[in-house]
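Presented below is the structure to which this report refers.
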């Protein structure tokens, strides 16, 4: 069974409610029709009657719940939640606590408080954001327990998809930042898990230090096991294998491995490893004979965003691999991004992935 077919089957087995906030795009409705027909998830589509009529014409979305952000009976509940999370008083209190923890001077504390006041949301601003950027509405529905996840990005940038999620849903406990991975399905391949891999982080973080790399390794391993049902074997990649080169970039990766071993003792992770040593058994035995990962890796953590992004696109284009993602990990509730050039089938697949993430959120 192909990866995405397996994911759809998992989604159907424990159906979740996913919000689609981009009612101003025909692809949303084309995807919604397929999702509902296949029984992948229950859907909420946020949009005005005019948007639904204009962009949804000709598509059968019977069974989807349509929420008008201007007339929704639950709107005040969501505004109240927005203020609870991001209101001026909340932001000022957080700034004071942070200043006290850091031991800031009185002048620095006052500057921090003034900044917090500017960032704080008033009820009027909350309503305006919810009516003009439906992703805020979608995240508030998730936060209030009326939905299990959201998918956006066909009409919005990655930043505009992630920002409301970070502000309203926050991170999982113990996680410092969101990261993104691609599930790569390489045809006619015996490497990895018979051609199935996770590549991370290929889409989100631009600043990779050792602790962040270690955290990405753990999150990616958890994601691989959730989606594949197989044990993750994580390779921390570099241009060096086990000290064969000396450079700060290499040290960053080897330090990340040490942190991962100490913080996540159950995690099967090793490095630093060159790509061939990570994937090819004969090379792994030669370059890292003591490693439990070398030659058998199925989860690849790249040392930089450039390397990860280039790497997944090389495999996608040259090996004709299916690349599913970027899938976001680390959020308290699942929210996923779409490429603005996506097809309706990409939305269907991303909704299925989001629904499976929601099963363990």
Residue count for the stretch 16-30, restricted to those that are surrounded by fewer than 24 Cβ atoms within 10 Å (Cβ to Cβ) and touching a strand residue (DSSP E or B) at 6+ places or on another chain (Cβ under 6 Å): 1
Search result, residues across the stretch 132-155 that are touching a strand residue (DSSP E or B) at 6+ places or on another chain (Cβ under 9 Å) and either over 22 Å from residue 40 (Cβ atoms) or in a helix (DSSP H, G or I) (or both): 134, 135, 137, 138, 139, 141, 142
Residue check for residue 348: assigned to a helix (DSSP H, G or I), touching a residue at least 12 places away in the same chain (Cβ under 8 Å) and either within 16 Å of residue 237 (Cβ to Cβ) or touching a strand residue (DSSP E or B) at 6+ places or on another chain (Cβ under 9 Å) (or both): no
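Collect the residues in the stretch 173-182 that are surrounded by fewer than 24 Cβ atoms within 10 Å (Cβ to Cβ) and touching a strand residue (DSSP E or B) at 6+ places or on another chain (Cβ under 9 Å), keeping them in residue-number order. Write out each step before concluding.
First, pick out the residues of the stretch 173-182 that are surrounded by fewer than 24 Cβ atoms within 10 Å (Cβ to Cβ): 173-178.
The answer is 175, 177, 178.
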Total residues in the stretch 1-31, condition closer than 15 Å to residue 67 by Cβ and out of contact with any helix residue (DSSP H, G or I) (no Cβ under 8 Å at 6 or more places or on another chain): 1
From 124, 100, residue being loosely packed, with under 15 Cβ neighbours inside 10 Å and either closer than 25 Å to residue 143 by Cα or at pLDDT 95 or above (or both): 124
Lone unmet requirement of (1) over 19 Å from the mean Cα position of the chain (by Cα); (2) over 29 Å from residue 163 (Cα atoms) for residue 232: (1)
Single match in 224, 199 (criterion: at pLDDT 90 or above, assigned to a strand (DSSP E or B) and surrounded by 23 or more Cβ atoms within 10 Å (Cβ to Cβ)): 199
Subset of the stretch 351-361 that is touching a strand residue (DSSP E or B) at 6+ places or on another chain (Cβ under 8 Å) and assigned to a helix (DSSP H, G or I) - its residue that is surrounded by the most Cβ atoms within 10 Å (Cβ to Cβ): 351
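Pick from the stretch 40-53 the residues that are more than 26 Å from residue 6 (Cα to Cα) and touching a residue at least 24 places away in the same chain (Cβ under 8 Å): which of them is nearest to the chain's Cα centre (by Cα)? First the steps, then the outcome.
Of the residues in the stretch 40-53, the ones more than 26 Å from residue 6 (Cα to Cα) are 46-53.
Restricting the remaining residues to those that are touching a residue at least 24 places away in the same chain (Cβ under 8 Å) gives 46-48, 51-52.
Working: 46: 21, 47: 24, 48: 28, 51: 28, 52: 27 Å.
So the residue we want is 46.
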The listed residue being within 21 Å of residue 203 (Cβ to Cβ) and free of Cβ contacts under 8 Å to residues at least 40 places away in the same chain, out of 273, 331, 314, 338: 314
Close pairs from the stretch 58-87: first surrounded by fewer than 16 Cβ atoms within 10 Å (Cβ to Cβ), partner in a loop (DSSP other than H, G, I, E, B), Cβ under 9 Å, at least 6 apart: 70/48; 71/48; 74/144; 74/146; 77/144; 77/146
Count of residues meeting criterion [part of a helix (DSSP H, G or I) and without any contact (Cβ under 8 Å) to a residue 24 or more places away in the chain] in the stretch 102-123: 12
Conditions (1) within 18 Å of residue 156 (Cβ to Cβ); (2) crowded, with 18+ Cβ neighbours inside 10 Å: number failed by residue 321: (1)
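The values are calculated or read from the model by the stated rules, or taken from the named source; none is laboratory data. Note that this is a predicted model, so its numbers are computed, not measured. Positions of Cβ are backbone-derived with ideal geometry, glycine not excepted, and every protein chain shown enters the neighbour counts.
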